[in-house]
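The values are calculated or read from the model by the stated rules, or taken from the named source; none is laboratory data. Treat the numbers as computed from the prediction; the structure is a model and nothing was measured. Cβ: placed from backbone, ideal geometry, glycine included. Neighbour counts: every protein chain shown. Note: areas computed on protein heavy atoms with side chains; ligands, DNA, RNA excluded. Shrake-Rupley method; radii C 1.70, N 1.55, O 1.52, S 1.80 Å.
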Amino acid sequence: MGKQGKKHNHHKATRRGGGAFFNPQEEEEDHQQYPLHPPSASQEEEEEEVEEEGPIEGQSDQNPSINDVPSKFLLYQQSVQSPKGDISYLQKFFLMYVGGRFPLHLQEDFCGTALLSTEWLHTDSRRTAVGLDLDLEALNWCMENNVNKIGADVYSRLSLFHGNVLHPFEARLIKFENQHLIGKLTLSDKKQDGSDTVLLESTVQGNPCGVTNGKLMKDFPLPERDIICAFNYSCCCLHRRIELVSYFEHARNSLSRKGGIFVMDLYGGTSSECELRLQRKFPSFTYIWEQDGFDIVQRKTRISLHFHLQKQQKKLRHAFSYSWRLWSLPEIKDCLEEAGFRSVHFWIRQMPDAEEIKSIKGFGSGREVKYEEVSSFEQKDSWNAYVVGVAP
Ligand SMILES: C[S@@+](CC[C@H](N)C(=O)[O-])C[C@H]1O[C@@H](n2cnc3c(N)ncnc32)[C@H](O)[C@@H]1O
């Protein structure tokens, strides 16, 4: 999971922007966020004294006290993701390239904690969402922290699957252990006929525990999807061309026969092909995006995300780590076309370069540059792109 300072102005300092539900600043600062891309090129902070290696387990994000260490997933959502900005672009792309109806059914591949899916469901009560990821810990965290906070109605429209995007039909459904929503029953006013009115409070209650319940995606009825997305450079997790084409074929086959879009993102630029350590400060933590050296033969690099928690004086080093192949835009286009997509569109945004980023304070992402559809684009220090495949 994770990005650098990508996105339009709806993203924070990481490759994607986020924290829609849990970041108190999100509402005010959503317009300034950007994604998992490197946060800022400023010098590394002074090292704190205590170092935590890896993720911290068993922390509750529900009622954190000052000394509690938030989970790596919460920090990721707050610093990396920006679901509102992504959704507005998804809607725009759908209306532009398909049109004729509103998109209702979303699939979020490589979904991690499925923050985008939960946000998608919030915005329209007719919407459904499917999330798919290999990481059971992230899916469970989603169930306990994102899904647990949404209404029962929203929960019933979300299907999370644990599995590989290369074999989606073998992915297994994740549900609450008790498989039902125990609403908080409240006895209220007597009716005129003397009977009590029982109100079912629309909140998912009980002790949610994400478990694989055995149901395979191929046995689970799902609506044809209007939009499938793979964000935060997740397609870079697939290293072989044959895998990429196979994944795109699965995506195309799951899209509605009435027309649908597949949307992914990608980053690049001269700064993306070298060692890089960037950071961005948030009110209670610093987010660090670290890129190892770049192998030009395999076009591979390793990305690590670290979080330094000021109050707790702790570091979550290597909270997330990815081995990525940095695909080029024409490679992605060729693979999408080979997988049967009718047309492919590039939307690119130039990102502030390293020097520029150093002068940006707080959440600001610098110049207000939007994504624009392009058919050619001069190389820059740093750029982010949405790639849109249209089917059938
Ligand atoms: C960079 S994170 C992106 C998470 C989220 N989509 C976001 O926007 O922040 C990549 C995610 O892809 C998942 N992943 C990697 N390879 C996968 C595969 N072959 N099938 C399913 N999920 C995969 C990882 O577990 C991780 O959650």
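Remarks
- A probe of 1.4 angstrom, applied to the heavy atoms of all protein chains, finds residue 153 with accessible area near 80 square angstrom.
- Reducing the range 249-306 and the range 215-233 to their Cα centroids gives an inter-centroid distance of 21 Å.
- Excluding ligands, DNA and RNA, the accessible surface per residue across the range 295-353 is 40 Å² with a 1.4 Å probe.
- Between residue 275 and residue 328, the simple spin-label model (points 7 angstrom out along Cα→Cβ) gives 2.6 nm.
- Cut-off 11 Å between beta-carbons: net charge of the residues surrounding residue 299, Lys and Arg +1, Asp and Glu -1: -1
- Heavy-atom accessible surface of residue 311, to the nearest 10 Å², is about 140 Å², with a 1.4 Å probe and all protein chains retained.
- Each other residue within a Cβ distance under 12 Å of residue 373 adds +1 if Lys or Arg and -1 if Asp or Glu, for a net charge of +2.
- Shape call, the range 206-319: gyration tensor on alpha carbons, a/c limit 1.5: oblate
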